[in-house]
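Readers should treat all values here as calculations from the given coordinates under stated rules, not as data from a laboratory. Keep in mind it's a predicted model, so treat the numbers as computed, not measured. A quick note on method: Cβ atoms are made from the backbone with ideal geometry, for glycine too, and the neighbour counts reach across all protein chains shown.
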Amino acid sequence: MNQPPQEIPRGLIDQCVSAREVVAFTGAGVSAESGVPTFRGPEGIWTKFKPEELASMDAFMKNPALVWEWYAHRRTIIGAVHPNPAHVALAEMEQIFPRMTVVTQNIDNLHRRAGSKRVFELHGNIERSYCMQCGKAYPDVVLPERGSVPKCTCGGTIRPDVVWFGEMLPEEEWESSVAATTSADLFLSIGTSAIVYPAASLPSLARRNGAVVVEVNPEPTPLTETADWFLQGPAGEILPELHRRIASIKKKA
């Protein structure tokens with residue numbers, strides 16, 4: 001039997017209603033509700049490889065065709081799924097808060113597809129690529145036949161625009177995320193284990209700067225004890241209800 005959605009405390013609703021700058025920090029749990037396999041999830045033949053063997057510069061330099069084949073496989077899976085109610089609720093929150101920012105660790109572009117406009121992607125975007133030699137961006141690279149690698153007009157090798165193991169987060173995205181977190185008065189941590197650094201430092205940064213920190217997750221995480229509020233359950237159920245209640249009060253104000 002399905003559990004009913006957790007009742008959202010009125011005290012939390014009141015704090016949300018008064019917020020002016022909001023950051024939603026999202027992880028793999030949000031995308032999983034759309035059917036996106038987690039990074040280490042079962043993906044047929046790819047279970048023979050460790051993620052580190054495919055998502056690293058060393059792997060790409062040794063066998064770029066194999067890495068591109070894996071990313072083409074992942075792009076096919078992601079292209080077939082759709083934003084879920086959690087993505088949609090976050091996009092709709094842009095209409096009720098003066099400033100709404102999404103900081104995501106996901107690379108699937110589902111937040112933008114749902115309508116969110118202010119999105120910082122800490123781990124890149126699987127729909128984008130760029131040339132390793134000249135830096136030219138390829139928003140929708142056409143993959144060559146199996147066993148080959150896409151090339152830039154300059155002759156350089158094109159790679160997926162995602163952050164691999166051992167690589168730094170994109171500086172501009174990270175600095176913008178830190179700035180948004182520092183000025184936020186409401187910080188929502190959604191569907192993330194909050195253990196992968198440096199991204200996992202954002203909730204504590206928000207709290208040190210006076211934000212109300214709310215965690216939305218099916219299960220407790222290391223963040224749960226220090227969060228101001230913990231809403232246990234699927235983001236796709238909790239966020240639409242949170243949006244509905246906030247919007248209702250704001251409409252009457």
Per GNM of the chain with C-alpha springs under 10 angstrom, the most fluctuating residue out of Thr224, Thr76, Thr181 is Thr76
Determine which residues of the range 162-187 fall in the zone a paramagnetic label at Ser201 would reach in this model, i.e. backbone nitrogen under 20 Å from the point 7 Å along Cα→Cβ. 163-185, 187
Once the piece of chain linking Thr226 and Ser148 is laid out straight, how much longer is it, given 0.36 nm per residue of separation minus the C-alpha distance between them? 23.2 nm
Any idea what the relative contact order of the chain is, in percent, if you count C-alpha pairs under 8 Å spaced at least 6 apart? 25
Once both labels are modelled 7 Å past Cα along the beta-carbon direction, what's the Asp140-Met168 spacing in nm? 3.3
Sequence neighbours fewer than 8 away in the same chain don't count; with that in mind, list the lysines whose C-alpha is under 23 Å from Lys117. Lys250, Lys251
Based on the Cα atoms of the chain, what semi-axes does the equivalent ellipsoid have, where each is the square root of 5 times one gyration tensor eigenvalue, given in whole Å with the largest first? 35, 19, 17
Averaged over all directions, how much area does the convex hull of the C-alpha atoms of the range 159-253 cover when projected, in nm²? 7.9
How big is the range 15-154 by the Kirkwood estimate over distinct Cα pairs, in Å? 16.8
1/(1 + (r/R0)^6) with r = Cβ-Cβ of Asp58 and Arg244, R0 = 51 Å, i.e. FRET efficiency to nearest 0.05, evaluates to 0.60
Hey, any idea what Rg/Rh is for the range 87-193, computing Rh the Kirkwood way over Cα pairs? 1.04
May I ask you to list the aspartates and glutamates whose Cα is less than 15 Å away from that of Lys136, ignoring any residue fewer than eight positions away on the same chain? Glu127, Asp161
So if I take the centroid of the Cα atoms in the range 86-145 and the same for the range 232-246, what is the distance between those two points in Å? 22
Say each of Ala72 and Gln133 gets a label point 7 Å from the Cα, pointing the same way as Cα to Cβ; how far apart are those two points in nm? 2.1
Report, ordered by chain and residue number, the lysines lying within cross-link reach of Lys50, taken as a straight Cα distance under 24 Å and ignoring same-chain residues fewer than 8 apart. Lys62
Footprinting exposure proxy for Phe187, Phe60, Phe97, Phe49 (fewest neighbouring C-beta atoms within 10 Å first): Phe49, Phe97, Phe60, Phe187
What fraction, in whole percent, of alpha-carbon pairs in the range 47-119 exceed 19 Å separation? 50
